[in-house]
Amino acid sequence: MALFNDGSLSTIADLMNYETSILDTAGTEGIDTSTKLRLAQEEIGEKLLTFLMETEYNGWALRSRERRHLKTGLSDVVVTRQLRRWHTFRTLAMVYRDAYNNQLNDRYQGKWQNYERLQGEAEQSYLRSGVGLVLNPAPKPAPPTLSTTNGPTIAGTYCFAYSWIAMDGTEGACSDATTIALAANTQAIVSCGAAPHDISGWNVYAGTTADALSMQNGNPLALTDHWAQSSPLVTGNPPRNGQAPNYWVVDDHRLRRG
């Protein structure tokens with residue numbers, strides 16, 4: 001699973017699963033759905049950070065400097081189905097709120113109020129089911145850097161991506177792919193970026209299209225390694241979905257005393 005800071009929690013496609021005409025409405029009313037997705041995530045992030053600092057490890061009884069998430073932020077929060085649904089409903093509520101304020105249209109008001117209610121219910125459901133956290137976050141990396149060298153290659157267009165390996169051996173989400181057109185006898189050299197804290201290695205993925213990548217290395221590569229394209233490409237495992245939670249922080253509705 002992706003982590004909170006890896007990118008948008010949900011997408012325009014998720015919004016359209018509930019409102020097929022959302023793009024038409026947004027276009028008519030001059031609303032930028034991408035901006036609303038970002039703002040909704042920022043609002044959820046603020047609520048989530050407060051929740052974690054108040055509840056984790058009996059947080060209310062701790063001095064602020066002892067609270068882990070005051071330093072780490074939301075870098076270890078796993079994006080679950082429940083969190084994605086909360087974000088989707090929160091975004092839809094924001095879109096229809098703005099649409100209503102533009103036109104004072106009762107139809108928009110009804111949708112705004114409905115999605116406001118749904119996002120509140122989704123928030124409570126998510127916090128009660130638990131916020132999933134990883135002990136050793138492996139964030140989604142930036143796309144790889146490519147260079148070329150002489151070597152045996154089948155001419156064509158290739159896509160390359162990579163993922164980080166955390167110190168505990170778990171693999172994070174794969175980067176977006178970088179595409180390159182290669183002539184015969186020209187190999188791609190793939191380089192990873194600067195590794196975040198507590199990252200032990202990386203895996204490289206390649207394919208002829210960005211949606212059909214497979215792992216090319218047998219064992220994780222060292223952070224100082226570069227990877228040279230083989231010919232033909234290896235048919236390995238596809239990219240993983242990211243890290244699963246190691247533990248959960250749950251809203252138990254108990255009053256904590258400071």
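General remarks:
- Sole exception among (1) assigned to a loop (DSSP other than H, G, I, E, B); (2) closer than 21 Å to residue 74 by Cβ; (3) out of contact with any helix residue (DSSP H, G or I) (no Cβ under 7 Å at 6 or more places or on another chain) for residue 238, by number: (2)
- Criterion applied to 231, 163, 191 was being under 20 Å from residue 3 (Cα atoms) and hydroxyl-bearing (Ser, Thr, Tyr), and the one residue passing it is 163.
- Residue among 191, 125 that is within 24 Å of residue 222 (Cβ to Cβ) and out of contact with any Phe, Trp or Tyr (no Cβ under 7 Å at 6 or more places or on another chain): 191
- Counting only residues that are more than 27 Å from residue 48 (Cβ to Cβ) and buried (at least 16 other Cβ atoms within 10 Å of the Cβ), the range 101-118 holds 2 of them.
- Of the criteria (1) hydroxyl-bearing (Ser, Thr, Tyr); (2) farther than 30 Å from residue 122 by Cα; (3) surrounded by 11 or more Cβ atoms within 10 Å (Cβ to Cβ); (4) outside the structural domain of residue 170 (by TED's automatic domain parsing), which one residue 247 fails: (2)
- Elements of the type helices (runs of 4 or more DSSP H) sitting completely within the range 1-77 and holding at least 1 residues that are at pLDDT below 95: these cover 22-29, 33-55, 68-72.
- Matching entry among 132, 201, 207 (being of a type outside the set (Lys, Arg), under 30 Å from residue 47 (Cβ atoms) and crowded, with 18+ Cβ neighbours inside 10 Å): 132
- Checking residue 88 against (1) under 30 Å from residue 186 (Cα atoms); (2) modelled with pLDDT of 95 or more, the condition it does not meet: (1)
- Members of the range 135-147 found to be surrounded by 15 or more Cβ atoms within 10 Å (Cβ to Cβ) and farther than 30 Å from residue 48 by Cα, listed by number: 144, 146
- Screening the candidates 106, 98 for the property of being more than 23 Å from residue 213 (Cα to Cα), under 27 Å from the mean Cα position of the chain (by Cα), charged (D, E, K, R) and outside the structural domain of residue 221 (by TED's automatic domain parsing) yields one hit, 98.
- Filter pass, residue 173 being assigned by TED's automatic domain parsing to the domain that holds residue 192 and surrounded by 15 or more Cβ atoms within 10 Å (Cβ to Cβ): yes
The values are calculated or read from the model by the stated rules, or taken from the named source; none is laboratory data. If you're wondering where the values come from, they're calculated on a predicted model, not measured in any experiment. Quick reminder, even Gly has a Cβ in these numbers, built from the backbone with ideal geometry, and neighbours come from all protein chains shown.
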